[in-house]
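Undergrad: Sending over a structure as structure tokens; questions will come in a sec.
Read-outs throughout are calculated quantities, based only on the coordinates presented, and are distinct from any laboratory measurement. All of these numbers come straight from a predicted model, not from anything done at the bench. Glycine gets a Cβ as well: all are built from the backbone with ideal geometry, and neighbour counts include every protein chain shown.
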Amino acid sequence: MNTNTNTNKEEQILIRITGNDRPGLTASVMEILASKDAKILDIGQADIHSTLSLGVLIRISEAASGQVMKELLFKATELGVNIGFEPVTDDEYENWVNLQGKNRFILTLIGRSLSAKQIEAATKVIAQQGLNIDSILRLTGRMSIKHPEHNRRACIEFSLRGTPADRTAMQKELMHISNEMEIDFSFQQDDMYRRMRRLICFDMDSTLIQTECIDELAERAGVGAEVRAITESAMRGEIDFKESFTRRVALLKGLDSSVFEDIANKMPITEGVDRLMAVLKRCGYKIAILSGGFTYFGEFLQRKYGIDYVYANELEIDENGKLTGRYLGEIVDGHRKAELLKLIAQVEKVNLAQTIAVGDGANDLPMLGEAGLGIAFHAKPRVVANAKQSLNTIGIDGVLYFLGFKDSYLGEQGRF
């Protein structure tokens with residue numbers, strides 16, 4: 001009869017440490033755990049206003065666990081932090097491991113500032129959909145109290161686990177909150193493609209620039225009111241884009257093309273474009289303009305920002321440098337934009353799931369729907385209602401937060 005006890009039996013212990021952070025604290029804890037050959041099953045740490053919260057789940061022999069806890073208690077007293085221990089059974093651990101196979105999502109919240117009321121509304125939606133919050137990460141810098149003028153934007157990111165009970169209803173509720181509380185949301189599957197976006201396609205007019213170039217041309221031609229009315233109707237999706245485009249271009253007949261340069265030099269660039277383009281170029285993204293506007297102005301932005309592709313409409317000019325009221329080639333409408341996005345992705349050998357599209361008008365909806373991440377930017381109501389992501393509260397560089405960038409990655413003192 002074997003009377004030997006199993007001295008190699010192991011158990012799981014969850015260690016929680018809180019208190020003032022200081023250099024070397026984590027190293028001191030790991031030194032004690034290493035001395036008893038503890039296995040690290042999970043670890044996580046957060047630091048809020050120099051206050052540490054460290055969690056470590058270990059597996060260790062029962063023979064050594066008591067000594068480890070004793071040494072950790074002494075070390076905690078020495079360092080002036082609080083420490084707690086919680087046993088985790090084998091079954092509890094395995095159930096937790098099995099949850100890791102569930103779907104994962106990222107919910108991003110953006111605004112000029114973020115209040116408890118706004119975050120409460122978002123977390124209620126998360127809970128109603130049966131999703132669990134694994135972590136919360138601030139992407140923007142910390143907020144200044146003495147210099148509130150520095151607080152240009154605020155963004156936090158929730159890492160979620162599970163499957164939404166009704167994803168369509170969740171999307172609708174998030175959009176409702178967005179409209180009511182002046183906050184933007186992005187709800188994305190957290191997969192390899194989200195972390196490997198490679199191609200981004202922009203509309204130009206009212207997206208990269210804060211005007212419609214055809215309206216600017218119309219003002220010079222003395223037909224501004226007529227053209228603006230048609231433009232607004234087209235952007236709302238009330239009339240076919242090709243029809244509206246043909247009618248508007250016809251009204252420009254006789255305008256001297258020399259006005260193009262002056263209009264281009266005075267184009268109001270959208271807030272955040274300089275920062276967005278600099279980061280995208282630095283990180284190796286391919287950038288395209290797919291515009292229902294005009295080639296001249298797209299190429300102006302191409303030279304300014306190093307954009308890789310420009311597809312827009314070409315106005316016909318007669319031998320005297322006057323617009324004929326006609327256009328050349330195929331109109332870049334909504335369907336053409338979606339086709340071009342797919343074509344560029346194919347040329348660049350980029351999976352469609354790795355593409356991003358950003359636009360504001362009804363003619364942008366096809367490419368927003370085709371892209372892996374479609375973002376309605378300061379968009380018309382119909383576009384916001386049909387887009388999965390919208391950005392309305394801050395500049396277009398907010399796109400970077402939907403891609404997971406932190407201000408600290410970008411080398412600037414962001415504010416939150």
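Undergrad: Summing -39500 (n - 2.57) over the DSSP H runs of n ≥ 4 in the chain and dividing by its residue number, what mean residue ellipticity at 222 nm do you reach, to the nearest 500 deg cm²/dmol?
TA: -11000 deg cm²/dmol, from helical runs alone.
Undergrad: How charged is the neighbourhood of ALA27? Take every other residue with its Cβ under 14 Å from the Cβ of ALA27, and add Lys/Arg as +1 and Asp/Glu as -1.
TA: Computed value for this residue: -1.
Undergrad: Against the longest alpha carbon principal axis of the chain, how many degrees, from 0 to 90 and to the nearest 10, is the axis of helix 273-282 turned?
TA: 60 degrees
Undergrad: Treating only the Cβ atoms of Lys and Arg (+1) and Asp and Glu (-1) as charged, compute the dipole magnitude of the stretch 151-276 about its Cα centre; round to the nearest 20 debye.
TA: Using Cβ point charges on Lys, Arg, Asp and Glu, the stretch 151-276 gives about 500 debye.
Undergrad: Arranged from highest to lowest average of other beta-carbon atoms within 10 Å per residue, in what order do the peptides 41-49, 11-19, 80-88, 353-361 appear?
TA: Sorting 41-49, 11-19, 80-88, 353-361 by mean packing, highest first, produces 353-361, 11-19, 80-88, 41-49.
Undergrad: In the stretch 212-371, what percentage of the DSSP-assigned beta bridges are antiparallel, given to the nearest 5?
TA: 50 percent
Undergrad: Along the three principal axes, how long is the chain when you take its alpha carbons, biggest first, rounded to the nearest angstrom?
TA: Here the spans come out as 106, 51, 38 Å, largest first.
Undergrad: Compute the FRET efficiency between ALA46 and ASP256 as 1/(1 + (r/R0)^6), taking r as their Cβ-Cβ distance and R0 = 60 Å, and round to the nearest 0.05.
TA: Efficiency, from the Cβ-Cβ distance: 0.45.
Undergrad: If you restrict to DSSP beta bridges whose two residues both lie in the chain, what percentage is antiparallel, to the nearest 5?
TA: Antiparallel: roughly 70 percent of the beta bridges in the chain.
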